[in-house]
1. Quick one: putting +1 on the C-beta of Lys and Arg, -1 on the C-beta of Asp and Glu, what dipole do you get for the chain around its Cα centre, in Debye to the nearest 20?
2. Starting with the fewest neighbours, write out R220, R257, R204 ranked by other beta-carbon atoms found within 10 Å of each beta-carbon.
3. Taking a quarter of the surface of the Cα convex hull of the stretch 83-240, what do you get in nm²?
4. Have a look at A135, A255, A185 and tell me which one the Gaussian network model of the chain (Cα, springs below 10 Å) gives the largest fluctuation.
5. Of N158, N132, N170, which has the largest mean-square fluctuation in a 10 Å C-alpha GNM of the chain?
6. Rounding to the nearest 10 and keeping the result within 0 to 90°, find how far the Cα-based axis of helix 277-292 lies from the longest principal axis of the chain.
7. Per the helix-only calculation at 222 nm, which mean residue ellipticity applies to the chain, given -39500 (n - 2.57) for every DSSP H run of n ≥ 4 and division by its residues, nearest 500 deg cm²/dmol?
8. Let me check against my output: what whole-number percent is the relative contact order of the chain, with C-alpha pairs under 8 Å and at least 6 apart?
Amino acid sequence: MLDRRAALIGGSALLLTGASRPLAVDMAARVADLRALERRAQGRLGAYVLDPVRRVWFGWRANERFAHCSSFKMSLAAMLLAKADRKEVDLAEVLHWTKAEMLSVSPVTETRIDTGLAVEDLAHAIVVTSDNTAANVLLRRFGGPEQLTRFWRSIGDNVSRLDRYEPELNVTPPGTELDTTTPAAMAATTAALVHGKILSPASRAKFMAWMREVRTGRDRIRSGFPAGWDSGDKTGTGIGKTKHTYVDLAFGGPAGRTPLIVAAYFEPARLVEPMDPVATGALAEVGRIAVASLSAV
């Protein structure tokens with residue numbers, strides 16, 4: 001069901017949420033569901049689900065590498081909030097960029113070229129609208145991709161890495177691990193940010209509120225969650241010439257319950273542009289499978 005390294009990563013993530021005992025519930029049926037989904041959707045699926053309440057975790061291709069695409073922006077925003085908690089970053093600092101630096105999919109920064117935006121507003125933009133220009137502006141101001149990789153290492157993620165800027169980071173060159181992570185590693189990181197003490201209570205509340213505002217993921221993992229669940233996510237989409245990658249990192253659960261953490265990556269065998277409903281539907285199905293795990297005994 002789960003290799004030893006994935007189990008260790010899952011256990012480490014749950015320790016961050018206060019859990020202290022190993023896998024308690026047989027999730028073999030849910031893993032079979034993920035495997036069957038991969039066959040139906042026709043591509044490569046990577047997924048990992050953590051339930052901090054029952055201390056359960058399961059996954060498929062949990063330790064295989066996938067491109068972050070824009071999902072790295074969730075961690076970049078968290079890094080800035082964590083640094084602000086330590087007085088290392090001033091969220092009110094106004095940053096500027098030029099028209100020449102503008103990238104596609106930059107709905108917030110394209111309207112503020114003349115005035116610039118505060119760091120906090122740019123961080124909000126990269127999570128909620130996945131603003132590409134904002135991501136590059138923040139990376140360049142605060143240490144580049146290497147600094148985000150160092151942040152991951154500082155919170156116990158020894159797998160995830162960022163090497164380049166937008167838009168190059170969306171496609172990993174064959175034979176390299178540039179700009180990649182694994183489902184298990186990023187589920188653990190998401191759990192640490194949502195449930196752990198990486199962020200102050202105020203910063204964690206702000207971070208989760210931003211993820212709740214995300215609209216780009218409404219047809220992905222969160223669409224597999226029941227109506228009324230408290231949920232948030234951060235998506236990523238990489239459209240290359242020979243490979244497309246769809247990503248979603250989400251939390252979700254009934255009101256008053258510590259939410260599940262779900263990380264999902266899908267590389268469809270067929271390449272459809274601009275968006276493949278089969279691929280986004282596969283991520284939605286991962287959300288439904290995560291929900292089904294709540295009723296497992």
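A short reminder: the numbers here are calculations on the coordinates, not readings from a lab. Nothing here was measured: the structure is a model prediction, and the numbers come from that model. Cβ: placed from backbone, ideal geometry, glycine included. Neighbour counts: every protein chain shown.
1. Numbers: 38 positive and 32 negative charges, 168 e Å.
The dipole magnitude comes to about 800 debye.
2. Sorted ascending by nearby Cβ count, the order is R257, R204, R220.
3. Values: hull surface 40.7 nm².
One quarter of the hull surface, i.e. the mean projection, equals 10.2 nm².
4. For the chain, modelled as a Gaussian network with Cα springs under 10 Å, the answer is A255.
5. With Cα springs under 10 Å in the chain, the top fluctuation among N158, N132, N170 is at N158.
6. Helix 277-292 and the main axis of the chain meet at about 50 degrees.
7. That calculation yields -12000 deg cm²/dmol at 222 nm.
8. 24 percent
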